[in-house]
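Worksheet: the structure to be examined is printed underneath.
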Amino acid sequence: MLKPVLWPEHRGQGYAQEALKAVLWHAQSASAGRSFVAVCNLPDTAGDRLLRRLGFAPGYEADAGRWRVRQYCRPSATC
């Protein structure tokens, strides 16, 4: 499980995207043909945009305590 968390002064500069790209590249090269699943709190619009930019497709939504969460899959055909 990976959860990128950035201090406010570092948000919006592409750090999370570059880090997740590197993690996904490594994971894909280590496990060819596998799909990946991500979960994001629905109030987190930046996280939603980031996952979509990285090729994740939104899937189902569910209540998870205080927040509603959405599952994302990559490749999108596996959602």
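Taken together, the values in this text are just the output of simple stated rules run on the coordinates, not laboratory data. Bear in mind that the values here come from a model prediction, so they are computed numbers and not experimental data.
Details
- CD proxy at 222 nm, helix term only [per DSSP H run n ≥ 4: -39500 (n - 2.57); per residue of the chain; nearest 500]: -10000 deg cm²/dmol
- Based on Cα contacts under 8 Å between residues 6+ apart, the chain shows a relative contact order of 26 percent.
- Anisotropy class of region 4-52 from Cα gyration tensor, a/c 1.5 cut: oblate
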